[in-house]
Amino acid sequence: MYPEAIRRWREIAKTHDSASLETLLADDVVFQSPVVHTPQRGKPITLKYLVAALAVLGGETFRYVGEWFGESSAVLEFVATIDGIEINGVDIIGWNAEGRIDRFKVMVRPLKAIGALHQAMGAKLTSP
């Protein structure tokens, strides 16, 4: 059985439901990207990054392959493919007492995958 925040996140990852994602994120959520130097703070910017990431990574090749849970945090290991490059990464997710995500960190490997992800995310974030 998954913690409620993770159950909701996994459903959002499948459906790409941005309205549900917005309700799951805490107002003061902090997002850390593998390609952005500084933490991104607040719901609007985190929502923008996560919606773009779901569009870029959340296709047919995306799947979670490992999961570790704590009292108010989880690590979800994933794999996906972008332009023939296999990406291996982890989502490190924390939630507050209300069950809303207040921390979301993404780490990705290998270096070639980081480059492909950076390029794809940049294109998605700058498109209308």
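The values are calculated or read from the model by the stated rules, or taken from the named source; none is laboratory data. Note that this is a predicted model, so its numbers are computed, not measured. Positions of Cβ are backbone-derived with ideal geometry, glycine not excepted, and every protein chain shown enters the neighbour counts. With ligands, DNA and RNA removed, areas are computed over all heavy atoms of the protein, side chains included. Shrake-Rupley method; radii C 1.70, N 1.55, O 1.52, S 1.80 Å.
Scanning region 92-114 for residues that are closer than 22 Å to Ala55 by Cβ, open to solvent by less than 50 Å² (accessible area, probe 1.4 Å), in a strand (DSSP E or B) and touching an Asp or Glu at 6+ places or on another chain (Cβ under 8 Å) turns up Phe104, Val106.
Each row is one residue, and each column tells you yes or no for (1) open to solvent by less than 30 Å² (accessible area, probe 1.4 Å); (2) among the hydrophobic types (A, V, I, L, M, F, W, C); (3) touching a residue at least 40 places away in the same chain (Cβ under 8 Å); (4) touching a helix residue (DSSP H, G or I) at 6+ places or on another chain (Cβ under 8 Å).
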site: Arg7; (1), (2), (3), (4): no, no, no, no
site: Thr15; (1), (2), (3), (4): no, no, no, no
site: Ser20; (1), (2), (3), (4): no, no, no, yes
site: Asp27; (1), (2), (3), (4): no, no, no, yes
site: Leu54; (1), (2), (3), (4): yes, yes, yes, yes
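A single member of Ile85, Ile114 is among the aliphatic types (A, V, I, L, M) and in contact with a Leu (Cβ under 9 Å, 6 or more places away or on another chain), and it is Ile85. Number of residues in region 94-115 that are over 14 Å from Val36 (Cα atoms), without any contact (Cβ under 8 Å) to a residue 60 or more places away in the chain and more than 16 Å from the chain's Cα centre (by Cα) equals 4.
Residue check: is Glu11 open to solvent by 70 Å² or more (accessible area, probe 1.4 Å), closer than 15 Å to Asp102 by Cα and either modelled with pLDDT of 95 or more or acidic (Asp, Glu) (or both)?
no
Only a single criterion out of (1) free of Cβ contacts under 8 Å to residues at least 12 places away in the same chain; (2) surrounded by 18 or more Cβ atoms within 10 Å (Cβ to Cβ) is not satisfied by Met1, namely (2).
Scanning region 56-77 for residues that are open to solvent by less than 50 Å² (accessible area, probe 1.4 Å), in contact with a helix residue (DSSP H, G or I) (Cβ under 9 Å, 6 or more places away or on another chain) and assigned to a strand (DSSP E or B) turns up Tyr64, Ala74, Leu76.
For region 78-91, a residue qualifies if it is of a type in the set (Asp, Glu) and surrounded by 15 or more Cβ atoms within 10 Å (Cβ to Cβ), and exactly one does: Asp91. Collect the residues in region 33-47 that are surrounded by 14 or more Cβ atoms within 10 Å (Cβ to Cβ), touching a residue at least 40 places away in the same chain (Cβ under 8 Å) and more than 10 Å from Glu22 (Cα to Cα), keeping them in residue-number order. Across region 33-47, the qualifying residues are Ser33, Pro34.
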